[in-house]
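Peer 1: The structure that follows is given in the form of structure tokens.
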Amino acid sequence: MNSAIKEQREKLNRFSNVRKESKLHLVVNVPDGLYEKCGSCHESVLKEDLEQNLLVCPHCENHSRLHASERLKQIVDEGTFEEINASEVSQNPLEMPGYTEKLEQNRQKNKMNEAVVTGTGQINGYEYAIAVMDSYFLMGSMGVVVGEKITSLVELATKRRLPVLIFSTSGGARMQEGILSLMQMAKTSAAIARHHQAGLLYISVLTNPTTGGVSASFASLGDITLAEPDALIGFAGPRVIKQTIGQDLPAGFQRSEFLLEKGFVDQVVKRKDLKEVLTKLSKLHGIEVRI
């Protein structure tokens, strides 16, 4: 009896050892940064494939956030972008505790001075004055410098009779700059109005998210308003709105597709199609091709 039990134990031990060895053979060391997890469907995607797909998930077509430099690389003809006001940096006019340190941390982390990059560049030969906001820099919030850079760009476009193209992504006005940040809403809107009065084209592209004081000012004033799929667009958050009006809100009411249905957005455009759509709009509006 004892010998039978011993024999059975030996068989079990041999089986366990085989399972351990097979597990060891299945271990694969995957280098860090090789895969990215989609923020929407949570599927893992090879980072190289994601970059080739313009940071759009191949499984669910979720459009990931872009740095301003990535956006410019996708849209503007190579070698044509000339940045303006690149050295402008925010101060701490209200002496908010910790704000100066936050600004410096964001400059170092994102390798840019502010939450917007402005300049002139060509899109398939059509010259534009272009502003690209970057939500990685303090959530793309608009302070004095962001407002001034956008205003200066639009004024330059009016002077040179260029169309304006602005990619918006923002959490709204920058609270650390208080009323000074809110004043940028009026300033940028006035510059857009003068550009419009000069008979010039302004295309606004709304990306995820575009909210607060940015959505309530220049982002909503385009002659043509485009949006990326499923972009969050609105002023206040749904919880605040629901508490204010005391009513349930429609599903997806702050998404680009809903706003297209209601006429606020002219077209929802996938990232891979955006440059082609901008080119067609440029032809339609008789924008001069620069050779």
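Peer 1: Collect the residues in the range 192-201 that are surrounded by fewer than 21 Cβ atoms within 10 Å (Cβ to Cβ) and under 11 Å from Phe218 (Cα atoms), keeping them in residue-number order.
Peer 2: Hit for the range 192-201 is Ala193, nothing else.
Peer 1: Then there's this: Looking at Leu200, Leu206, which is the one that is modelled with pLDDT of 95 or more and assigned to a strand (DSSP E or B)? I'd like the intermediate steps shown before the answer.
Peer 2: Working: Leu200 fails: assigned to a strand (DSSP E or B).
Of Leu200, Leu206, the one residue that is modelled with pLDDT of 95 or more and assigned to a strand (DSSP E or B) is Leu206.
Matching residues to (1) at pLDDT below 90; (2) not basic (Lys, Arg):
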{"position": "Ala4", "(1), (2)": "yes, yes"}
{"position": "Lys20", "(1), (2)": "yes, no"}
{"position": "Lys23", "(1), (2)": "yes, no"}
{"position": "Val27", "(1), (2)": "yes, yes"}
{"position": "Leu34", "(1), (2)": "yes, yes"}
{"position": "His42", "(1), (2)": "no, yes"}
{"position": "Val56", "(1), (2)": "no, yes"}
{"position": "His59", "(1), (2)": "no, yes"}
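Peer 1: Take the residues in the range 156-191 that are closer than 19 Å to Ile233 by Cβ, out of contact with any Gly (no Cβ under 7 Å at 6 or more places or on another chain) and among the small types (Gly, Ala, Ser); name whichever of them is surrounded by the most Cβ atoms within 10 Å (Cβ to Cβ).
Peer 2: Restricting to residues being closer than 19 Å to Ile233 by Cβ, out of contact with any Gly (no Cβ under 7 Å at 6 or more places or on another chain) and among the small types (Gly, Ala, Ser), the top hit is Ser168.
Peer 1: Moving on. With Leu103, Leu50 as the choices, which residue is touching a Ser or Thr at 6+ places or on another chain (Cβ under 8 Å), closer than 24 Å to Pro209 by Cβ and modelled with pLDDT under 95?
Peer 2: Values: Leu103 fails: modelled with pLDDT under 95.
Testing whether each residue is touching a Ser or Thr at 6+ places or on another chain (Cβ under 8 Å), closer than 24 Å to Pro209 by Cβ and modelled with pLDDT under 95 leaves just Leu50.
Peer 1: If you don't mind, there's one more thing I want to ask. Looking only at the range 261-291, how many residues end up being in contact (Cβ under 8 Å) with a residue 12 or more places away in the chain, farther than 17 Å from Leu201 by Cβ and surrounded by fewer than 16 Cβ atoms within 10 Å (Cβ to Cβ)?
Peer 2: Adding up the residues that qualify gives 4.
Peer 1: Would you check which residues across the range 129-144 are of a type in the set (A, V, I, L, M), surrounded by 22 or more Cβ atoms within 10 Å (Cβ to Cβ) and in a helix (DSSP H, G or I) and list them?
Peer 2: Leu138
The values are calculated or read from the model by the stated rules, or taken from the named source; none is laboratory data. It should be emphasised that the depicted structure is a prediction, and the values quoted were computed from it without experimental measurement. Don't worry about glycine lacking a Cβ; one is built from the backbone with ideal geometry, like all the others, and counts go over all protein chains shown.
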